[in-house]
Structure formats: C-alpha cells, structure tokens
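A short write-up of the structure that comes next.
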Amino acid sequence: MRGYDDVARAYAEKRRLDETEREALESVLDTLSADARVLDAGCGGGEPALRRLTGQSGRAIGLDVSPAQLELAASTAPGASLLRGDMARLPLTGGSLDAVLAWHSLIHLPREEHQTAVDEFARVLRPGGRLLVSEGPGEWEGTNPDWLDAGAEMQWHVAGAETTRRQLEAAGFRIETEYTTSDGLEDDEATWVFFEATLERPPLSG
C-alpha cells in the first residue's frame, strides 16, 4: 500500500487521457443519466475518470486502497463519495450501481484475484449495467523499484486480453467494444486494451 501512497502525486501529475481513452470513457458516460450511481474502482487521485464522473453524475463513488490517493481524489473530484477498500471485496450492496470503471486498476491485483474482482463488478451492478475495464494485451508480470521517479516500488499483474474476455463472459458480461490505447505515462509504445461491456445476467456460481 505504501507504494500507492508514495506515487500518488507523481501519478496525478502525469496521467492524461489519449484520444482513444477519451472515446472509451465518453461512450460509457453518454449512456448514463444524471442520477446514475457510478463506481470508479481503484480511482487513485481522481484522474482521469472520477473527476469526469462527478461532472456527469451527482452520485459518483471513488474506491481505492490508498489513503493518500483518496486524499488527492477529495480535491480532484469534489462531490464524489470516497471509500477505502479492495476491488475484490467491494463494500457495496448487490445491484446498486449503474456503471463501474476499472481504469488501469485491475492490473494491480494478483492475477488469481482478477476473476473475483470481475465477479464483484457484476454483483454490484444492476442488470444492464455498464463496465469499462482496462488490461494489457498479453500476460505479463513486472516490478519497477522507482516508478515515475517517485522513489516507490510498483508491481503489475497483467492477465492479458484473452483471459479478461473469458473472465468477463464468465461473470455474465457481453463485450460491446474493445479499444486499444497507448500507455500515456512513461512508455508511449506500451499498449492497453479497454473493454466496454454490459451485464446480461448474474455471475455464474460454482
């Protein structure tokens, strides 16, 4: 957790949307009503998603494991409800949300917890609810001991696009659109895949 606290300000300063990311976010936001209840799961300091959510919906929620990130989010996205918690164990009632965003956040969970987190997204969404989640195109794990020159170690657990497609389908999502984007931080050559999906049914049990 300390790593997320230590990189909070450096990440907030460097994170920007590229055109494809903006298109993906706006595609989901355009489907939401003004009273939609939307979760930014792993909201960080409120950029890039939570700040825009608060402009679209008066019921935006940001969730993060890092107190320092949430402190930043409080100023970046005033009006949002902020929760400290774990994506794999969401502190929210089932069927209570209209949309969930997981913006470069699922990849910070151990890979064995990715399906659990995706199932949690399905649990808290109403039928027909929307999900926007990002993943790397291929399976990969890595560590950077000084990410963003912030003096903090960061780890990534990337399941890959093929695995994520299976996990979304197993949880009851129908994938509507896939977007491929650049990294937008340290390495413009790195790519990510965003999945825009709709919940069709509750997650499978057993």
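Being at pLDDT below 95 and at negative phi is the filter here, so list the residues in the range 88-106 that pass it.
103, 105, 106
Identify, from the list 58, 79, 85, the residue that is at pLDDT below 85, under 28 Å from residue 95 (Cβ atoms) and surrounded by fewer than 21 Cβ atoms within 10 Å (Cβ to Cβ).
58
So, residue 44, is that one touching a residue at least 60 places away in the same chain (Cβ under 8 Å) and crowded, with 22+ Cβ neighbours inside 10 Å or not? Lay out the reasoning, then the answer.
Values: touching a residue at least 60 places away in the same chain (Cβ under 8 Å): yes; crowded, with 22+ Cβ neighbours inside 10 Å: yes.
It is true that residue 44 is touching a residue at least 60 places away in the same chain (Cβ under 8 Å) and crowded, with 22+ Cβ neighbours inside 10 Å.
Which one of these is in contact (Cβ under 8 Å) with a residue 60 or more places away in the chain and over 11 Å from the mean Cα position of the chain (by Cα): 97, 101, 92, 39?
Being in contact (Cβ under 8 Å) with a residue 60 or more places away in the chain and over 11 Å from the mean Cα position of the chain (by Cα) holds for just one of 97, 101, 92, 39, which is 97.
Among the residues of the range 102-139 satisfying the criterion of being of a type in the set (A, V, I, L, M, F, W, C) and assigned to a strand (DSSP E or B), which is surrounded by the fewest Cβ atoms within 10 Å (Cβ to Cβ)?
132
Determine which single condition residue 52 fails, assuming it passes every other condition in (1) touching a residue at least 40 places away in the same chain (Cβ under 8 Å); (2) under 14 Å from the mean Cα position of the chain (by Cα); (3) assigned to a helix (DSSP H, G or I).
(1)
Could you check how many residues of the range 70-83 are out of contact with any helix residue (DSSP H, G or I) (no Cβ under 6 Å at 6 or more places or on another chain) and outside any helix (DSSP H, G or I)?
Number of matching residues: 3.
The values are calculated or read from the model by the stated rules, or taken from the named source; none is laboratory data. These numbers were taken from a predicted model, which means no experiment stands behind them. For neighbour counting, all protein chains shown are included, and Cβ atoms are generated from backbone atoms with ideal geometry for every residue, glycine included.
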